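Okay, structure first, notes after.
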Amino acid sequence: MLEPANTSDKLVRHFRQILVWPLHLMPIHKDAQTQKHWELLEQSTGHPWREVADEFTENAADFKERHYNEFVTFLPYVQRFLYGESRNSEQDGERIASPMRVYRREDVAAVRITPHIGAEPLTLSVAHIDLYFFYDIDVVLLNVEVHADDLPLQTAQNLLYSFGRAYPASWDSEGQGLHCPHRVEWIDANNEVMATSDYEQREKYLSFACRNRAASIASHWAFLLQPMVLDHADEPGLIRFRQIEFYRMPVMGYLAMENPRALSHGDFIRIGLVSGSGTDESLPFSERHVSDFEQRYCYDRYWSEGACPGSDTRYLCNGHALMVIGNARHALFTGKETGVLSQFRHQYFLLFMIAHMQRSALLMFSDLLVAALDRLDIQSAESVRRFKRAIRQNFETFLRFTHRYWFHELSDQVQVKALYRMCTTHLETEVLHEEVKKEIYDMSQYLDSDSLRRQANTVVRLTVVTTFGLIGTVVTGLFGMNLFGLGERPPHQQWLFLLLGFAGVTAVTFYTLSKSKRLSDFLDAVSDDRLPTKAKVGSLINVWRKRNDFE
C-alpha cells in the first residue's frame with residue numbers, strides 16, 4: 001500500500017509513470033480481412049478521442065530538436081513504420097502514411113489515488129492518454145502517462161506497483177481489492193470527478209467471471225476506454241475488445257532522485273521487479289532468487305560513481321517494466337528536450353511500445369488459431385470451409401505482420417539497442433514468434449496436403465470412370481452410330497431415346513464413381529503381375545461386397 005508522503009527521506013524530485021495496456025480488438029466486419037477500427041472513431045461523435053497529428057508538418061518551424069533526436073534514433077525501416085514515407089514519395093497524390101494511428105483524449109487532467117482507507121489522497125497530473133492502432137493488426141494499446149514532483153521513494157514504488165491494475169486479483173478481509181489502490185478517480189480541468197474505481201465491488205467481478213468465463217475490468221478503466229467496451233459486457237459499444245495478457249499493465253517509470261546513490265540493493269530490486277515498497281534491510285524475494293539481479297535486469301553503462309556528471313543513471317528492465325533512475329540535480333538527466341527525460345518519454349517509450357505490440361500481436365495470432373479449431377466441426381462441410389478460410393487469412397496476416405512489424409533491431413545506438421534486446425529477451429518474443437510461426441505454417445501445410453490429397457482422389461476417380469467408359473465407347477463404336485436407326489423415327493421418339501440414353505449414361509457414370517475406390521483397387525490388382533488370377537478375380541468381386549466399417 002502507499003505510504004504517507006512524510007515517511008521517507010529518499011526523495012523523488014520528479015516521478016513519471018507510463019502504462020502500456022495491449023488489448024485485442026474484435027472484428028467489425030465479419031468477412032473483411034483488414035479491420036480499420038479507428039475509422040469508427042473518426043466517423044462517430046460524442047466521444048473525446050481525436051487523432052494526433054505527427055510532427056512532420058509543412059511548417060518546418062514546428063519540428064523541434066527533440067523530434068529530430070527521436071527520428072534519427074531508429075533504423076530506416078523502423079522510421080517508415082513510426083512516421084510513414086517521405087512527402088516526396090506519393091501514390092495517387094497522397095503521402096504514404098504510417099501504419100500506426102494515434103488518438104488522444106484531453107478531457108482528463110489528473111488522477112487522484114487513495115492508497116488505502118483513511119489515507120491522504122495523492123494527485124498526479126496526466127500528461128496524455130492515447131490509443132495506438134495498427135493497420136492490419138487487431139491490437140490497440142492504451143497509453144497513460146502521469147507525473148508528480150517531490151514524492152517519497154516508497155510512494156513512488158507503490159504507485160508503480162498498484163496503479164496499473166485492470167481488476168483486483170482477490171480481496172482482503174475488509175473487502176478491499178488486493179494489490180490495488182483503495183480508490184482511483186479521474187479528474188477534469190475543473191477538478192470535478194469524471195469516474196471512480198470499483199475495486200471493492202467483489203460481487204461484480206465474481207458474477208461477471210461466472211457468467212462470461214472472462215474477467216471484468218475496473219469502472220475507471222472502462223470509462224477511459226469508451227466508446228470501446230469489453231466484448232463480454234452487456235452494454236453496447238462502438239468497438240469491442242478482449243484482454244490479451246495479465247491484468248497488471250506493462251509499466252515504465254522515471255525517477256529523478258535527490259541522491260540515487262542512497263538507494264539500497266533492495267530498493268533497486270523492488271523498483272526493477274515492481275514489487276512495491278519495503279525497508280532498506282529487506283529484500284522482496286529470497287536472496288537466492290535475486291542473486292543475479294544486476295546481470296539479468298540492470299543496464300549499467302552509465303552507473304559508475306564519480307566518472308562523469310551523467311554516470312549515476314541506471315536502467316532496469318524485466319520486460320514487463322522499464323525503469324530509469326538518475327540524479328535530479330543533473331540537467332543531462334532531467335532535460336525535457338534533449339535529456340534522459342525526453343528520451344524516456346519518446347525513444348524508450350517507443351521501443352517499449354513496439355516490444356509489447358509485437359508480443360500482444362503474436363498472442364492474438366495464437367488465440368485466433370485456437371478459436372478457429374474450437375469452431376471446427378469436421379462433420380459439416382460449411383464449417384470445414386470456414387476453418388480453411390480462417391487459417392489461410394491468419395497465415396496471410398501473419399506474413400504481413402512479419403514483414404511490416406517484426407524487427408530484430410530497432411536502432412544502431414548502443415543504449416537503445418541494448419534496452420530493446422533486454423525487453424524482448426525477457427518477454428521471450430523471439431521464442432513466441434517461432435512458436436506461432438510453426439503453428440501457422442504447420443496448419444497451412446496440413447491444409448495444402450489435404451487439398452492435394454483431395455485432388456489426387458478426384459483424379460483417381462475420374463481415371464476409373466474414363467477407363468470403364470472407354471469400354472462402352474469402343475464397343476458402341478464397333479457397331480456404328482446407327483445401331484437403332486433412330487434417324488428414321490419421329491422427332492418425339494428421338495427426344496425420348498435421347499433422354500433415356502442421357503439418364504442411363506448418367507446413372508452408370510455415377511454408379512461407377514460410387515464404386516471408383518474399389519474399382520481403382522481392382523485396376524491396381526489387374527496391373528500387378530505378381531498377383532494370381534484368382535486374387536484378381538477376388539478383387540473384382542470385392543467391388544460389390546458389403547462395405548465394412550473401417551473402409
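Restricted to segment 80-101, and to residues that are in contact with a Ser or Thr (Cβ under 9 Å, 6 or more places away or on another chain) and modelled with pLDDT of 75 or more, which residue is nearest to Arg345 (Cα to Cα)? Step by step, filter segment 80-101, then rank; the result is Leu82. Of everything in segment 210-224 that is assigned to a helix (DSSP H, G or I) and of a type in the set (Gly, Ala, Ser), the residue that is surrounded by the fewest Cβ atoms within 10 Å (Cβ to Cβ) is Ser219. Restricting attention to segment 182-209, the residues that are within 26 Å of the chain's Cα centre (by Cα) and buried (at least 19 other Cβ atoms within 10 Å of the Cβ) total 2.
Among the residues of segment 35-71, those that are modelled with pLDDT of 75 or more and loosely packed, with under 12 Cβ neighbours inside 10 Å comprise Gln43, Thr45, Gly46, Ala53, Glu65.
Yes or no, residue by residue, for (1) at negative phi; (2) under 30 Å from the mean Cα position of the chain (by Cα); (3) of a type in the set (Phe, Trp, Tyr):
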site	(1), (2), (3)
Phe241	yes, yes, yes
Glu245	yes, yes, no
Arg248	yes, yes, no
Ala256	yes, no, no
Arg270	yes, yes, no
Gly276	no, yes, no
Ser291	yes, no, no
Tyr297	yes, yes, yes
Arg314	yes, no, no
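Does Leu362 satisfy being touching a residue at least 40 places away in the same chain (Cβ under 8 Å), among the aliphatic types (A, V, I, L, M) and more than 27 Å from Asp150 (Cβ to Cβ)? Yes: the conditions hold for Leu362. Among the numbered conditions (1) crowded, with 20+ Cβ neighbours inside 10 Å; (2) in a loop (DSSP other than H, G, I, E, B); (3) without any contact (Cβ under 8 Å) to a residue 60 or more places away in the chain, the only one that Leu410 does not meet is (3). Within segment 346-359, the presence of a residue that is surrounded by fewer than 24 Cβ atoms within 10 Å (Cβ to Cβ), under 23 Å from Tyr68 (Cβ atoms), of a type in the set (A, V, I, L, M) and in contact with a Pro (Cβ under 8 Å, 6 or more places away or on another chain) is excluded. Filtering segment 270-300 to residues that are over 16 Å from Met422 (Cβ atoms) and either among the hydrophobic types (A, V, I, L, M, F, W, C) or in contact with a strand residue (DSSP E or B) (Cβ under 8 Å, 6 or more places away or on another chain) (or both) leaves Leu283, Phe285, Val290. On the stretch given as segment 367-383, residues that are exposed (fewer than 15 other Cβ atoms within 10 Å of the Cβ) and part of a helix (DSSP H, G or I) total 9. Is it the case that some residue within segment 421-429 is part of a helix (DSSP H, G or I) and touching a Ser or Thr at 6+ places or on another chain (Cβ under 6 Å)? For segment 421-429, residues part of a helix (DSSP H, G or I) and touching a Ser or Thr at 6+ places or on another chain (Cβ under 6 Å): absent.
The residues of segment 144-166 that are surrounded by fewer than 20 Cβ atoms within 10 Å (Cβ to Cβ) and farther than 19 Å from Ile129 by Cα, listed by number, are Asp149, Asp150. Scan segment 168-181 for residues that are within 31 Å of the chain's Cα centre (by Cα) and either surrounded by 20 or more Cβ atoms within 10 Å (Cβ to Cβ) or without any contact (Cβ under 8 Å) to a residue 12 or more places away in the chain (or both) and the total you get is 6.
The values are calculated or read from the model by the stated rules, or taken from the named source; none is laboratory data. This structure is a prediction, so every number in the text was calculated from the model and none was measured. Please note: Cβ atoms are built from the backbone with ideal geometry, for glycine as well, and neighbour counts cover all protein chains shown.
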